[in-house]
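For reference, the structure is listed below as structure tokens.
Only the coordinates and a few stated rules stand behind these numbers; no lab work does. Source: prediction; values computed, not measured. Cβ sites come from the backbone with ideal geometry, for glycine too, and all protein chains shown count toward neighbours.
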Amino acid sequence: MITLLLLLIIFISLEIFESNWQKANDFYGVIKNNYQIYNKNIFLFFILNPTFIFAIYLAIIFNNYGFLMNTIIVLKFVDISFRLNLCRKIDNNEDISSFVPYNMEYNNILRYINVILYPGTFILSIL
């Protein structure tokens, strides 16, 4: 039980870390922050997205490959792939507004929803 609580705290902390380094007032600002890291070094980009690797680690140590755990991993993969695709488009001087036409404003609830959703889904997946 203590191990589970510790892993949950680590998961929540990593989610807060990811939300904070990407923090911006709107969607294009988040993409700009991602592009700055991507432009420095692609490996740094992956290091700054640790929850994908941590989710795979959790699936392995709990031997949990059920629907909810796989959903977390797939959503993390799609999220990183989408952001990398947008960064590549910016690198090629393509207009991302044709790909993502609406620049949505972020409030604190939307910015930190991942801190509740992913660890909550993890808890549900191991029950």
*Of the listed values (1) 0.94; (2) 1.04; (3) 1.00, grab the one calculated as Rg/Rh (Cα atoms, Kirkwood Rh) from the structure here.*
(3)
*What does the charge count near Leu110 come to, summing +1 for each Lys or Arg and -1 for each Asp or Glu among other residues with Cβ under 15 Å from its Cβ?*
-3
_Cβ charges +1 (Lys, Arg) and -1 (Asp, Glu), total dipole of the chain, debye_ = 160 debye
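Please give the net charge around Lys76, taking every other residue with its beta carbon less than 12 angstrom from that of Lys76, where Lys and Arg add +1 and Asp and Glu add -1.
-2
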_Karplus-derived 3J(HN,Hα), 6.51/-1.76/1.60, for each residue of region 111-123, Hz, glycine and proline x_ = 5, 10, 5, 5, 5, 8, 5, 5, x, x, 5, 4, 4
*Residues in region 36-74 reached by a label modelled at Ile126 [backbone nitrogen below 20 Å; 7 Å Cα→Cβ]*: 50-74
*May I ask which residue of Pro119, Phe67, Leu7 lies farthest towards the positive end of the charge dipole of the chain, with charges of +1 (Lys, Arg) and -1 (Asp, Glu) on Cβ and the Cα centre as origin?*
Leu7
*Hey, can you grab everything whose amide H is under 5 Å from the amide H of Asp26? Only 5+ residues off in sequence or another chain; H modelled, so Pro and N-termini drop out.*
Tyr106
*Report ³J(HN,Hα) in whole Hz for each residue of region 98-104, in order, from the Karplus equation J = 6.51 cos²θ - 1.76 cosθ + 1.60 where θ = phi - 60°; Gly and Pro get x.*
6, 8, 10, x, 10, 8, 6
